[in-house]
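*Asks:* Sharing a structure below in structure tokens format, with a few things to ask.
FYI, it's all coordinate maths here, none of it is from the lab. Every value quoted in this text rests on a predicted model; they were computed, and no experiment measured them. Cβ sites come from the backbone with ideal geometry, for glycine too, and all protein chains shown count toward neighbours.
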Amino acid sequence: MANKPKLAVYWAASCGGCEIALANLNEKLLEVLEHFDFVFCPCLLDTKYKDVEAMADGEIFITLFNGAIRNEENEHMAKILRKKSKILIAYGSCAYEGCIPGLGNMYHGDEILKAVFIDSPTTENPNKLLPMTKTETKDGVLTLPAFYEKVKTLSMVTEVDYYIPGCPPEPHKIWEVISFVVEKLSTGQSLPPKGAILGAGSSTVCIECDRKKENKKIKTFKRIYEIIPNSEICLLEQGIICMGIATRDGCGALCPKVNMPCTGCYGPPEDVLDQGAKMIAALGSVLDIGDTKGLSEEEINRRINEILNTIPDLVGTFYKYSLPGSILQGKIKGR
């Protein structure tokens with residue numbers, strides 16, 4: 001293909017798993033290179049920021065942006081790549097919803113820095129110094145990007161065209177998206193409307209899960225190491241928190257198929273605003289607190305709380321991947 005469109009991949013606050021998922025396309029990467037020129041990918045290419053800044057606006061056809069916005073550099077690159085890209089895709093759960101870095105929103109930025117640099121037993125810092133954005137030395141001024149108070153999603157700092165969910169997205173789904181775009185390019189068809197979720201379905205993981213689903217009545221919740229689950233019965237019915245009922249399909253229900261619960265990495269299903277709230281509402285309809293006839297409201301609430309207290313980490317369970325992009329977003333300043 002002459003004058004191939006340009007493709008960029010960038011990482012912000014992330015673990016690198018999205019790059020590994022891309023590499024797991026294996027030989028299909030060669031087909032990607034048939035259709036696109038890789039021009040920017042920090043883990044593969046030695047392209048400098050200044051090279052990207054020098055590009056014409058819209059010169060990059062697609063940027064796959066993975067990682068949340070944790071600091072000033074992340075936001076700076078997000079805005080540059082938005083300007084230089086015709087299509088900016090939030091690639092993976094960190095860019096889409098905030099993901100694991102977003103759990104840091106349960107603390108304020110200054111609390112995190114203090115915990116890491118001053119209070120940590122593994123850090124030697126007798127002068128209790130904290131990172132500064134500027135430090136003057138005899139050789140010049142050293143700079144660091146400002147550490148933000150909270151983690152943000154990509155769409156919180158710039159306009160996003162499409163989203164590919166997953167932590168990381170499944171390689172076959174990445175290929176599905178790339179093939180879809182190539183087909184549209186080749187035939188001259190228009191792409192989906194902005195804001196569309198690509199590489200996933202619109203229903204829930206439960207649709208893809210072939211476990212038997214019967215009457216759910218849960219008396220207590222168990223952690224996965226406490227029992228050996230029956231491999232044929234719905235994990236939630238066995239008292240294991242499985243987020244499949246509140247998670248978008250597209251992964252193939254890989255975790256439940258190996259006797260592990262879905263933890264929610266593909267984000268909320270279509271038309272669900274808050275994944276955690278959806279899951280909590282679903283659980284509210286299946287808790288078995290016994291016969292409530294004649295019980296006071298106080299006793300009913302006590303029984304409910306007794307069951308809920310068997311869930312060890314409410315935020316980490318219900319908002320593991322979605323806290324920054326949720327209604328809650330995180331801890332409120334001053335609390």
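*Asks:* Search the structure for amide H atoms under 5 Å from the amide H of F38, placed 1.01 Å from N in the peptide plane, and list their residues when 5 or more places away or on another chain.
*Replies:* For F38, whose amide H was placed from the backbone, the distant partners under 5 Å are L7.
*Asks:* Assign one of three labels to the chain, namely rounded, prolate or oblate, based on the Cα gyration tensor with a ≥ b ≥ c the square roots of its eigenvalues; rounded applies when a/c is under 1.5, prolate when it is not and a/b is larger than b/c, and oblate otherwise.
*Replies:* Oblate, because a/c is 1.5 or more while a/b does not exceed b/c.
*Asks:* Report, in degrees rounded to the nearest 10, the 0 to 90 angle that the Cα long axis of helix 171-187 makes with the longest principal axis of the chain.
*Replies:* With rounding to tens, the tilt is 50 degrees.
*Asks:* Apply 1/(1 + (r/R0)^6) to the Cβ-Cβ distance of K138 and E59, taking R0 = 51 Å, and write down the FRET efficiency to the nearest 0.05.
*Replies:* In this case the efficiency is close to 0.80.
*Asks:* So, one more: Which loop-located trypsin sites (Lys or Arg not before Pro) does the range 180-226 contain, where loop means any DSSP state but H, G, I, E or B and the Cβ has at most 15 other Cβ atoms within 10 Å?
*Replies:* K194, K213, K217, K219, R223
*Asks:* Hey, with R₀ at 41 Å, roughly what FRET efficiency would N24 and S120 work out to, going by the Cβ-Cβ distance, to 0.05?
*Replies:* 0.75
*Asks:* Can you sort Y148, Y10 by how many other beta carbons sit within 10 Å, fewest first?
*Replies:* Y148, Y10
*Asks:* Per residue of the range 97-104, what does 6.51 cos²θ - 1.76 cosθ + 1.60 with θ = phi - 60° give for ³J(HN,Hα)? Whole Hz please, x for Gly and Pro, Karplus curve as stated.
*Replies:* 10, x, 6, 4, x, x, 5, x
*Asks:* Restricting to bridges with both residues inside the chain, how much of the DSSP beta-bridge set is antiparallel, in percent to the nearest 5? If you can, show how the numbers build up before the last one.
*Replies:* On the way: 8 of 30 bridges.
Of those bridges, close to 25 percent are antiparallel.
*Asks:* Order of 121-128, 82-89, 310-317, 34-41 by packing, highest average Cβ count within 10 Å first?
*Replies:* With the highest mean Cβ count within 10 Å placed first, the list reads 82-89, 34-41, 310-317, 121-128.
*Asks:* Calculated FRET efficiency, D37 and L191, Cβ-Cβ r, R0 22 Å, to nearest 0.05?
*Replies:* On the way: r = 19 Å, r/R0 = 0.88.
E between D37 and L191, to the nearest 0.05, is 0.70.
*Asks:* Lone cysteines in the chain, going by a 4.7 Å Cβ-Cβ cut-off?
*Replies:* Singleton cysteines: C15, C18, C41, C43, C206, C209, C234, C242, C251, C255, C262.
*Asks:* Would you work out if the range 193-335 is rounded, prolate or oblate? Take a ≥ b ≥ c from the square roots of the eigenvalues of the alpha-carbon gyration tensor; rounded if a/c is under 1.5, else prolate when a/b is larger than b/c, oblate otherwise.
*Replies:* The shape class here is oblate.
*Asks:* Between the DSSP loop rule and a limit of at most 13 other Cβ atoms within 10 Å, which GluC sites (Glu not before Pro) in the range 148-217 are left?
*Replies:* E159, E214
*Asks:* To make sure I understand, if each residue's beta carbon is the centre and we count other beta carbons within 10 Å, what order do L22, L328 fall in, fewest to most?
*Replies:* L328, L22
*Asks:* Now a separate question. What is the Cα centroid distance between the range 107-170 and the range 233-278, reported in whole angstrom?
*Replies:* That distance is 30 Å.
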